[in-house]
1. Residue check: is Ala202 in the same structural domain as Arg104 (by TED's automatic domain parsing), touching a helix residue (DSSP H, G or I) at 6+ places or on another chain (Cβ under 6 Å) and small (Gly, Ala, Ser)?
2. Val124 - would you say it is more than 26 Å from Arg71 (Cβ to Cβ) and of a type outside the set (Phe, Trp, Tyr)?
3. Take region 194-210 and flag every residue that is modelled with pLDDT of 95 or more, within 16 Å of the ligand (Cβ to nearest atom) and surrounded by fewer than 22 Cβ atoms within 10 Å (Cβ to Cβ).
4. Checking Trp226 against (1) away from the ligand (no atom under 16 Å from the Cβ); (2) closer than 28 Å to Thr72 by Cβ; (3) in the same structural domain as His281 (by TED's automatic domain parsing): exactly one of these is not met. Which one?
5. Is there a residue in region 106-125 that is more than 16 Å from the ligand (Cβ to nearest atom), outside the structural domain of Glu481 (by TED's automatic domain parsing) and at pLDDT 95 or above?
6. Considering region 1-51 alone, what residues qualify as being part of a strand (DSSP E or B), more than 24 Å from Ala478 (Cα to Cα) and not small (Gly, Ala, Ser)?
7. Anything in region 70-98 that is within 16 Å of the ligand (Cβ to nearest atom) and in contact (Cβ under 8 Å) with a residue 40 or more places away in the chain? List them, or say none.
8. Consider region 423-476. How many of its residues are in contact with a His (Cβ under 6 Å, 6 or more places away or on another chain) and closer than 12 Å to His357 by Cα?
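The values are calculated or read from the model by the stated rules, or taken from the named source; none is laboratory data. Source: prediction; values computed, not measured. Note that each Cβ is placed from the backbone with ideal geometry, even for glycine, and that neighbours are counted across all protein chains shown.
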Amino acid sequence: MQAEEWARKYDRALSEVKESIKYCRMFVTGFNTNIDGLRHVEGEEIERIVTEKNLEGEILSKLENPPREIRTLSDLLAGILFCAENGVGEEWFIRELEVFETIRSIFGYDRLRMGGQGGIMTNVLALLDLKVIPNVVALPQIQAEQFTTERGEILIPRRENGRIVFKNPLEAARESDKIFIHSIFEFDDRFCARVGGRTIRAPVDNRFIATYDDENVKVKVDPAFWEGTLTVIDRVGVAMLSGYHMLQSQYPDGSKPEDHIRNTIELIKSWRERNPELRIHTEIGFVADSGIRESILSTLTPHIDSIGLNEDELADNLYTLGQRDNLEEIRDMNAAQIYTGARRMMEKLGLKRVMVHSRDFSVCLLSSGYGVEPRDELYSVLFGSLLAATLAHTGNFPTVQEAESVLRSGELEISERALKEQENLASHLESEEGYPGKRFLEEGFTDAEPSMVFAPSNLTEPRATVGLGDTICSGSLAAEEALKRRKQRVA
Ligand code: GLC
């Protein structure tokens, strides 16, 4: 399909979803909410700090053997340089409060914004005028201020005088709660640093996250959220649950990652008993430790319907599942291999939906049991993808109206790489599965079992790189819900 035809499909997706959004039921989001401290970094700045502190040797060796956790300033600098050089986006945990303070005093923040998959998805949904109940474990005033008040309705459950009440974030704030600010170091493709004779250039814009957090790492459920969601779950369409990527292999209190996963599964089971129709999605996120990945895959996925992940996370998780023959191609964004990999994951884990989002395109697989038609899914993914492109373009979480004006501005461009990958994927489907490639090229989806949709991204000079995956996923899940409920009304 050509770029102009895709542009028309984007247009249609936007108008259909916009009309249908009012039919959505409520949403539940969890489990991680924090503040993101965004900080743009330039290569020269990192180079200067490395030279001043005499850290060249240490950093060169850490670039070869990334520690994937932060115990010293050089770990942090190595993390930024590692992500820049490889064009990847990783998150490493800061182990000592003192190191967190040092990092904060050196870099500070350019701006604060809502963070955590749960928090970001809540804002994306609210900006679509939807009603959302988020899990928030720490809600000091400064965290409450990150929730959008412009549109929609964000309801925080609280227990008061023996009963559950739902409050807006500012009313629900608790001053004594901890403040979790995760440092997001954003770099662009002009990033260039010379360290000990090595030149490190970023091939693409991306970010490195340095996190100091001791509550979200347990995927904690607020007790009032637990109780409150049980009272309204029969009126909820979709639950979007993430934050499992923050789990640690050990905790000071002796608990294990599986204990924390199991706790959330108990809640999920109670929801399902009350609402068997509920759809549950998880964003996988970057997990450095293969053992934790294994726990998430084996313990959690039997209880959820849908997962979202990027191409690197897909490769990491396939590695953990023992499927290792096409990981390089997946990391290189080969759409046919991404499709094959997503399909293996879906089959191995018994999932109903797997969505892979990359910079240039998204591929989403659906089983018929998921209950969404492939054409509606294509429009949903295009809608989510437009919201993400708008976030990248403006640097802010968008409303539908903003997305519409960015789409009309002509400043976005359909990824050419995606168009080529769609052609390769079409040939792959035809030769490997006998699916008519021409039909897939024209329609952008297949109606096989599982069905698959392909959505090229709209590219822009990005002003934001963090939260794009969360935005595309929550936007597409909201769109699915909207189109599904509209059909039920009309039927
Ligand atoms: C991780 C980080 C969080 C960030 C989010 C973006 O959850 O901990 O700070 O906002 O990723 O997807």
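1. Values: in the same structural domain as Arg104 (by TED's automatic domain parsing): yes; touching a helix residue (DSSP H, G or I) at 6+ places or on another chain (Cβ under 6 Å): yes; small (Gly, Ala, Ser): yes.
Answer is yes for this residue.
2. Details: more than 26 Å from Arg71 (Cβ to Cβ): yes; of a type outside the set (Phe, Trp, Tyr): yes.
Against the criterion (more than 26 Å from Arg71 (Cβ to Cβ) and of a type outside the set (Phe, Trp, Tyr)), Val124 qualifies.
3. Answer for region 194-210, where residues must be modelled with pLDDT of 95 or more, within 16 Å of the ligand (Cβ to nearest atom) and surrounded by fewer than 22 Cβ atoms within 10 Å (Cβ to Cβ): just Ile209.
4. Failing condition for Trp226: (2).
5. We begin by selecting, within region 106-125, every residue more than 16 Å from the ligand (Cβ to nearest atom); these are 106, 108.
Imposing the further condition that a residue be outside the structural domain of Glu481 (by TED's automatic domain parsing) reduces the set to 106, 108.
Next, only the ones that are at pLDDT 95 or above stay: 106, 108.
Within region 106-125 (the criterion being more than 16 Å from the ligand (Cβ to nearest atom), outside the structural domain of Glu481 (by TED's automatic domain parsing) and at pLDDT 95 or above), the answer is yes, since at least one residue qualifies.
6. Let us first name the residues in region 1-51 that are part of a strand (DSSP E or B), namely 26-30, 34-40.
Among the residues that remain, those that are also more than 24 Å from Ala478 (Cα to Cα) are: 37-40.
Selection gives Leu38, Arg39, His40.
7. In the first step, residues of region 70-98 are kept if they are within 16 Å of the ligand (Cβ to nearest atom); the result is 70, 76, 79-80, 83, 88-95.
Correct list: Ile70, Leu76, Gly79, Ile80, Cys83, Val88, Gly89, Glu90, Glu91, Trp92, Phe93, Ile94.
8. So in region 423-476, the residues in contact with a His (Cβ under 6 Å, 6 or more places away or on another chain) come out as 460, 469, 472.
From what's left, closer than 12 Å to His357 by Cα: 469, 472.
The qualifying residues number 2.
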